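Everything below concerns the one structure shown next.
The values are calculated or read from the model by the stated rules, or taken from the named source; none is laboratory data. This structure is a prediction, so every number in the text was calculated from the model and none was measured. Cβ: placed from backbone, ideal geometry, glycine included. Neighbour counts: every protein chain shown. Note: areas computed on protein heavy atoms with side chains; ligands, DNA, RNA excluded. Shrake-Rupley method; radii C 1.70, N 1.55, O 1.52, S 1.80 Å.
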Amino acid sequence: MDEALKLTKYSHGSGCGCKVAPDVLKAILQNINTNQTYNNLLVGHLHADDAAVMRLNDELCLISTTDFFMPIVDDAFNYGAIAATNALSDVYAMGGKPVLAIAILGWPVDTLSTATATEVLNGAIHICNEAGVPLAGGHTIDNKEPFFGLAVNGIVHPMHLKQNHTVQEGDDIYLTKPLGTGIINTALKRGLAPVESIAEVITSMKKLNSFGVEISSFPFIHAITDVTGFGLLGHLREMLKPLNYSADVYYNKLHFFTGIKELAAKLIYSDNVMRNWKSCADETENINAESLITLNDPQTSGGLMIAVDSKYHAEFQQLLIAHRLTDFSTPIAKVLRRNNKMFTIHYD
């Protein structure tokens, strides 16, 4: 591939920051016709979950999802790998095992070479092979801006299915990756991202969230989601709102990529930070300038956010250690009975 090629220059958005705003998505979905019911459809669009789930029989459910976005990095292979990791994550976030993937590619054929598109696909195949999932075909269109992702099918036992809104009062919330991919990507597009930060973020975005399927059989795991385009507060809101809970968020327990706080102090952030903040502003107290940016930063291929019965902290910590996630063994939030606000940010 041409070393001078900068894929991020060919699109107006990037990564999961391409998502429409939460309020816009709500407006799109609120008037769709849902009169038809399907008895075996266990998870649809009603709770903003990570994937749809259909019960096939008493022992097996089908998980189905799709996810695609514009370039998040300049390198084509890494772009394909990150997009694939991100799409597979939706199945892992349901406690499932991905079993089949189909590619979705939009490509400006008069602007970018077919060889570059091949590299995107090779990056995706690399990750799918790592996950043990065949990338078995796909669909491609000619488009002014490049985009790429996967449609993924997975399987899960009905008793092991996890959703995002099944938290319980008193649960501890854990997060399995650092925050800051949107800030780093914005800095990258401006030529301001530290080299070490870029490498760190790319490695994280290519790391599979397969921990989700490894823990799905444990009943003390009450809920799972992955943190992507709506930022930490936006996705935590999706966990809390259906049951009208609140959460204390422990800011100093969160992990951030190298240089994130310094970039935030220079007001380097994605436009979608403010879009995300708009959806949470009325429900948040004790936020400051830095935490507003970092907690609303749109993540791409972010970590799993996991609600765990607090009585089983030691058992869950051992699971984290066994899967090389020791750094993330401290809760980052606590689920509480509803307070005046949904989120209270703590800094000590």
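Some observations on this one:
- Index of the failed condition, residue 78 passing every other in (1) surrounded by 23 or more Cβ atoms within 10 Å (Cβ to Cβ); (2) in contact (Cβ under 8 Å) with a residue 60 or more places away in the chain; (3) in a helix (DSSP H, G or I): (1)
- Number of residues in the stretch 90-105 that are open to solvent by less than 10 Å² (accessible area, probe 1.4 Å), in a strand (DSSP E or B) and either at pLDDT below 95 or within 14 Å of residue 216 (Cα to Cα) (or both) equals 1.
- Among (1) modelled with pLDDT of 95 or more; (2) touching a Gly at 6+ places or on another chain (Cβ under 9 Å); (3) farther than 25 Å from residue 94 by Cβ - the single one residue 258 does not satisfy: (1)
- Taking first residues from the stretch 240-254 that are within 9 Å of residue 332 (Cβ to Cβ) and partners that are open to solvent by 10 Å² or more (accessible area, probe 1.4 Å), the Cβ contacts under 6 Å between residues at least 6 apart in sequence or on separate chains come to 250/346; 251/347; 253/330.
- Selection from the stretch 272-303 of residues that are acidic (Asp, Glu) and either at positive phi or touching a helix residue (DSSP H, G or I) at 6+ places or on another chain (Cβ under 8 Å) (or both): 283, 290, 297
- Near pairs, Cβ below 8 angstrom, 6+ apart or cross-chain, from the stretch 45-60 (under 21 Å from residue 229 (Cα atoms) and open to solvent by less than 80 Å² (accessible area, probe 1.4 Å)) to any residue that is of a type in the set (D, E, K, R) and in a strand (DSSP E or B): 50/226
- As a summary of the residue check, residue 154 satisfies the conditions (1) modelled with pLDDT of 95 or more; (2) over 23 Å from residue 75 (Cβ atoms); (3) touching a strand residue (DSSP E or B) at 6+ places or on another chain (Cβ under 9 Å); (4) outside any strand (DSSP E or B) except for the one numbered (4).
- So residue 170, is it more than 23 Å from residue 264 (Cβ to Cβ), of a type in the set (Gly, Ala, Ser) and assigned to a loop (DSSP other than H, G, I, E, B): yes
- Taking the criterion of being open to solvent by less than 40 Å² (accessible area, probe 1.4 Å) and either in a loop (DSSP other than H, G, I, E, B) or of a type in the set (Lys, Arg) (or both), the residues of the stretch 195-226 that qualify are 208, 209, 216, 220.
- Test for residue 274: is it farther than 27 Å from residue 184 by Cα and either under 18 Å from the mean Cα position of the chain (by Cα) or not aromatic (Phe, Trp, Tyr) (or both): no
- Single match in 268, 221 (criterion: over 18 Å from the mean Cα position of the chain (by Cα) and more than 22 Å from residue 78 (Cβ to Cβ)): 221
- Given (1) more than 20 Å from the chain's Cα centre (by Cα); (2) farther than 21 Å from residue 232 by Cβ, number of the condition residue 149 does not satisfy: (1)
- Scanning the stretch 132-146 for residues that are crowded, with 19+ Cβ neighbours inside 10 Å and either in contact with a Cys (Cβ under 8 Å, 6 or more places away or on another chain) or under 22 Å from residue 54 (Cα atoms) (or both) gives 133, 135.
- Flag if residue 267 is within 18 Å of residue 50 (Cβ to Cβ) and not in a strand (DSSP E or B): no
- Cβ-Cβ distances below 9 Å connect the following pairs, each with a first residue in the stretch 119-146 that is more than 17 Å from residue 73 (Cβ to Cβ), a second residue that is in a loop (DSSP other than H, G, I, E, B) and open to solvent by 70 Å² or more (accessible area, probe 1.4 Å), and a separation of six or more residues or different chains: 142/109; 142/110; 143/109; 144/111.
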